[in-house]
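No value in this document is a laboratory result; all are computed from the given coordinates. Keep in mind that what you see is a predicted model, and the values were worked out from it rather than measured. All Cβ positions, even for glycine, are placed from backbone atoms using ideal geometry, and neighbour counts span all protein chains on display.
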């Protein structure tokens with residue numbers, strides 16, 4: 001057949017045309033055709049900006065056409081400048097103060113609301129409501145609550161005979177206040193995820209444990225927590241990333257102050273790039289932020305035995 005095709009070019013052309021028609025008529029080609037435009041958009045809006053950001057992080061790009069390659073100088077400045085080092089410390093403090101407490105509270109509330117209590121639909125809605133509330137509205141309400149002059153928080157303290165606090169205006173309490181506000185806004189979303197995980201645990205396991213004489217706390221620690229391990233990993237990783245990327249509350253409430261007490265890496269990216277127009281340095285800070293998230297996420301997954 002091959003010899004015949006070699007002697008007769010028309011046969012070879014017919015075979016090639018047949019193979020091409022088979023490819024064009026295949027489901028794989030049709031799927032690729034429909035995916036081409038979305039993949040093109042994804043590449044233009046996701047992959048290209050990431051690569052471009054990485055490239056300009058090694059330059060002194062500041063919107064002028066005369067920018068040049070500076071190597072690791074931007075990264076050296078980040079690791080030696082006290083402002084950026086404090087931003088790294090504040091970011092880690094923000095994450096450590098929010099993620100463990102928020103994860104525990106979300107699991108605790110989800111466990112309570114997974115019981116057959118009256119009004120659980122109302123409480124689920126109430127806890128989830130902050131998640132769908134805009135950041136601007138949330139910031140305005142909490143700014144009023146934590147206003148040092150006549151705010152609801154200081155009014156409550158005054159009624160108890162306690163001195164008022166500066167909350168968002170005092171460097172000693174600003175980060176703590178930000179953590180409290182973030183917890184209030186994020187617990188509901190994680191609660192819903194934990195609820196879905198709890199409802200996916202077979203009830204037969206609890207019934208068998210009850211027959212064997214296990215107490216409620218034993219069932220929780222030996223059944224609920226192990227069965228929720230993948231859900232917990234998902235919540236911790238996504239919650240950590242969300243806190244690292246948190247910007248709206250800082251912008252609306254503190255803008256990195258007072259005295260840089262709430263200055264985080266995300267705020268420094270914004271301030272450096274769009275405030276000082278040092279886009280190369282701002283890009284380098286965003287790369288440091290990305291690497292920090294990766295360095296924290298990888299051990300979490302390895303600890304849970306997850307594959308990448």
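Where in the range 227-257 does the amide nitrogen come within less than 20 Å of the point 7 Å from the Cα of residue 196, taken along Cα to Cβ? In the range 227-257, the label zone of residue 196 (backbone N under 20 Å from the point 7 Å along Cα→Cβ) covers 227-243.
Over all Cα atoms in the chain, the spread is summed up by Rg and Dmax: 27.5, 104 Å.
Going 7 Å from the Cα of residue 149 in the Cα-to-Cβ direction, what parts of the range 166-207 have a backbone nitrogen less than 19 Å from that spot? Under 19 Å, as judged by backbone N against the label point of residue 149, lie 166-171 of the range 166-207. Computed from Cα positions, the angle between helix 82-113 and the longest principal axis of the chain comes to roughly 80 degrees. Relative contact order for the chain: 26 percent, from Cα pairs under 8 Å spaced at least 6 residues apart, divided by residue count. FRET efficiency for the residue 291 to residue 45 pair, using the beta carbon distance and R₀ = 25 Å, is estimated at 0.65. Using alpha-carbon positions, what is the distance between the centroids of the range 244-285 and the range 48-111, in Å? The range 244-285 and the range 48-111 have Cα centres spaced 9 Å from each other.
Considering Cα pairs under 8 angstrom that are at least six residues apart, work out the relative contact order of the range 56-182 and quote it in whole percent.
On the way: 72 pairs, mean separation 16.1, N = 127.
Worked out over the range 56-182, it gives 13 percent.
In this simple spin-label approximation, residue 137 and residue 68 carry label points 7 Å from Cα along the Cα→Cβ vector, and these lie 5.3 nm apart. Axis of helix 229-244 versus longest Cα principal axis of the chain: the two differ by about 80°, to the nearest ten degrees. Could you tell me how many degrees, from 0 to 90 and to the nearest 10, lie between the Cα long axis of helix 279-303 and the main elongation axis, the longest principal axis, of the Cα atoms of the chain? Tilt of helix 279-303: around 90 degrees.
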